Amino acid sequence: MSTEAALVINDDYIPYYNNEARVLGLYGGAGSGKSYFAAQKIILRTVSEYEHKFLVLRKVGNTVKDSVFALLKDVISDLGISNEFRENKTDKTLEHKPTGNVILCKGLDEPEKIKSIQGITGIWLEEATEFEFND
């Protein structure tokens, strides 16, 4: 599968393309493409690497379905690889069938549900400025 031809990345984020850090801070103004790039990066790592469990967090859980979960599904569709993923709408998870990698989308308003998640290899905090240090 070649997904790179379908990628359109804001020049500001190209230096982060090959970065495999567990946590990566993206900066930019509204509409700069931070979220889209973060979704692309997680999807590309999900389909090209092994033994990943990515956690995508928003401050409030009821905003997850219509934001990060929808964006991840859009990127998967844009790349033409929807058939490679198993979607669980209830749990807001995406599993890449060939690699077994999983993307979990959660809200921090139910912290007890987050504490017990094991094996997280990467985290995306959407709208990180909404989070507090104790979160």
Q. Just one of S67, S32 is open to solvent by less than 40 Å² (accessible area, probe 1.4 Å), farther than 18 Å from I120 by Cα and assigned to a loop (DSSP other than H, G, I, E, B); which is it?
A. S32
(Q) Could you check segment 38-51 and list, in sequence order, the residues that are surrounded by fewer than 23 Cβ atoms within 10 Å (Cβ to Cβ) and touching a helix residue (DSSP H, G or I) at 6+ places or on another chain (Cβ under 6 Å)? (A) none
Q. Out of all the residues in segment 80-96, is one or more closer than 28 Å to I14 by Cβ, within 15 Å of the chain's Cα centre (by Cα), of a type in the set (V, I, T) and open to solvent by less than 60 Å² (accessible area, probe 1.4 Å)?
A. no
Q | Among (1) in contact with a Gly (Cβ under 8 Å, 6 or more places away or on another chain); (2) hydrophobic (A, V, I, L, M, F, W, C); (3) over 16 Å from L55 (Cα atoms), the one test that L79 misses | A | (1)
Q. For H96, all conditions in the list (1) in contact with a strand residue (DSSP E or B) (Cβ under 8 Å, 6 or more places away or on another chain); (2) modelled with pLDDT under 95 hold save one; what is the number of the exception?
A. (2)
Q.
Going by what's in this entry, would E130 be described as farther than 16 Å from L71 by Cβ and surrounded by 12 or more Cβ atoms within 10 Å (Cβ to Cβ)?
A. yes
Q. Of these, K113, K73, which one is in a helix (DSSP H, G or I), more than 12 Å from the chain's Cα centre (by Cα) and either more than 21 Å from L24 (Cβ to Cβ) or of a type in the set (D, E, K, R) (or both)?
A. K113
Q. So how many residues does segment 112-135 have that are modelled with pLDDT under 80 and closer than 21 Å to E49 by Cβ?
A. 0
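The values are calculated or read from the model by the stated rules, or taken from the named source; none is laboratory data. Bear in mind that the values here come from a model prediction, so they are computed numbers and not experimental data. Ideal geometry is used to build each Cβ from the backbone, glycine not excepted, and the neighbour counts take in all protein chains shown. Accessible surface areas use protein heavy atoms only, side chains included; no ligands, DNA or RNA. Shrake-Rupley method; radii C 1.70, N 1.55, O 1.52, S 1.80 Å.
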